[in-house]
Amino acid sequence: MAEAKRGTARPETPLAYCRKVWSVTTTSADVIYNPYDHETILNPHPLFRRMREVAPLFYSEEFDFYAISRFEDIERTLLNRDVFISRKGVTLDILKSDMEIPKGTVIFEDPPEHSIHRALLSRMFTPKGVSSLEEGVRRLCASLLDPLVGAGGFDFVGDLGMLVPMKVIGMLVGIPESDQESVRDHFYGQRSSDPTTSNSLSGDIFGDYIDWRADHPSDDIMSQLLYTEFEDETGVRRRLTREELLAYVNIVAAAGNETTRLLIGWTGLLLAQNPDQRRLLVENPALIRNAIEESLRCEPNTLQNCRFVARDVEICGQLVPEGSILATLTPSGNRDDRLFDDPDRFDVTRKIDRHLSFGFGSHYCLGQALARLEGRVVFEEVLKRFPQWDVDLDGSKFMYFADQRGYESLPVSIP
Ligand code: HEM
């Protein structure tokens, strides 16, 4: 069993460590990182390993941003919210586009707004509330999978990934089943090959639902959010406006749909590529929970999570000037051998107590418990019915975005 490395000799100060290891330049002739390069998006791991070795702080002249690749540097950066801020965007495209961020979009906020809005939004994700969804998620998976038994194959994304996360968010906020498909189409329809528009959060798909809920309150989370009083950043006690609530629901749907869909696709692929690991799960389903962690660690659905640098800062002995964009390379941190033994190996028994796939620090994913629950239940139900499958990579479709990488379609055949 591979263990997460613990107690690896730490430097007295992080900065001193960086200086010792890397103190010359931030660019290296043989390392070029292009977050739009399809080959890199598909398999960033060899390049990221090289970056961790020779360019832990990399500067891209072509796209004018910095990137860090080591686990500890990434964690430290994400913790320092005074210097590395989110309000100008957290993807390269948004940071470059200077787009206006809709109000209440927690993922793009800093204190004090972020703390207030996150506290309100976290009411959606109480441990009790999330675990109460498990039976519904299981019933949903069974209803999707049972008709596929005997069909000879299915699509991990088309038959599961596209449906489960969207319907579960519907369950979470109480959206009627009949409206859930248009919600999903709304979000997936926003993706285009133009990177500057691919993350648009516009749209009013939930507006009618909120208005209806305002007239028909119940004990669901939407009604609670509509009627909750809170103190805003100006000290005024009030309720959320319709626009604020709309932004909340939009961000939850945007943050929770595609990400979880990609997790389902990656896990379907990793298990097919590692049949010995899949067999372990069939023999011992209790390992599936950990297999989801290992899948998240090995193939995060994002290449990088960015921050705007609010003031001059030294990283790895180099000055990173105020106004820069800093990318933290999630798949790289997750395979840093300073922390993980044999990091490129997919090992469902690995002891994993940290990875970066849900972020770190104050913006740590609010939906992580729900995503973990969905991943676990989906694969418990899949493996019960299908202990083996072969992936048809030629028939698959991959989504080449730096902020969301993974399969749009992953057909498999059942031997
Ligand atoms: C495998 C699935 C998922 C992954 C990999 C993922 C990943 C992330 C990451 C990396 C962040 C932090 C972004 C940053 O630091 O800038 C984040 C934040 C967030 N996620 Fe997730 N997420 C997943 C599923 C979900 C789900 C299912 C929901 C809700 C239904 C959700 C809701 C959120 C929200 C609301 C935030 C913003 C938190 C804040 O800014 O304080 N996520 N997620």
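Note on the stretch 60-122: Kirkwood hydrodynamic radius from all Cα pairs is 13.2 Å, rounded to one decimal. Subtracting the Cα-Cα distance of TRP212 and SER413 from 0.36 nm times their residue separation leaves 68.0 nm of extension gain. Here the scattering of the stretch 87-130 is modelled by Debye summation over its C-alpha atoms, one equal scatterer each and no solvent; at q = 0.26, 0.34 Å⁻¹ the log10 of I(q)/I(0) is -0.87, -1.12. Dividing the Cα radius of gyration of the stretch 219-260 by its Kirkwood radius returns 1.07 for Rg/Rh. With equal scatterers on the alpha carbons only and no solvent term, can you work out the Debye log10 of I(q)/I(0) for the stretch 208-311 at 0.11, 0.15 1/Å? After summing over all Cα pairs, the log10 values are -0.63, -0.83. Only Cα pairs under 8 Å and 6+ residues apart enter the sum, and on that basis the relative contact order of the chain stands at 29 percent. With a 1.4 Å probe and all protein chains left in place, how much of the accessible area of the stretch 14-413 comes from carbon and sulfur atoms, in whole percent? It is 51 percent, rounded to a whole number. Ranked by the mean number of other Cβ atoms within 10 Å of their residues, highest first, the peptides 212-222, 265-275, 110-120 fall in the order 265-275, 110-120, 212-222.
Pairs of lysine residues in the chain that meet both criteria, 8 or more places apart or on different chains and Cα atoms under 20 Å apart, total 4.
How many Å³ per residue does the convex hull of the Cα positions in the stretch 259-329 occupy?
Enclosed volume per residue, from the Cα hull, is 120 Å³.
Over the stretch 306-357, the reciprocal of the mean inverse Cα-Cα separation, the Kirkwood hydrodynamic radius, stands at 13.2 Å.
Per-residue packing, averaged as other Cβ atoms within 10 Å, sorts the ranges 389-399, 297-307 into the order 297-307, 389-399, beginning with the highest.
Solvent-accessible surface of the chain, averaged per residue with a 1.4 angstrom probe and all protein chains in place: 43 square angstrom. The stretch 366-408 and the stretch 269-338 have Cα centres spaced 16 Å apart. Scanning the chain for long hydrophobic helices, with DSSP H runs required to stretch 20 angstrom or more by C-alpha along their axis and to average at least -1.0 on the Kyte-Doolittle scale, returns 242-273, 368-385. For the chain, the Cα-based Rg and Dmax, in that order, read 21.4, 63 Å.
The values are calculated or read from the model by the stated rules, or taken from the named source; none is laboratory data. Quick caveat: nothing in here was measured; it's all calculated off a predicted structure. Quick reminder, even Gly has a Cβ in these numbers, built from the backbone with ideal geometry, and neighbours come from all protein chains shown. The area values use the complete protein model at the heavy-atom level, side chains included, leaving out ligands, DNA and RNA. Shrake-Rupley method; radii C 1.70, N 1.55, O 1.52, S 1.80 Å.
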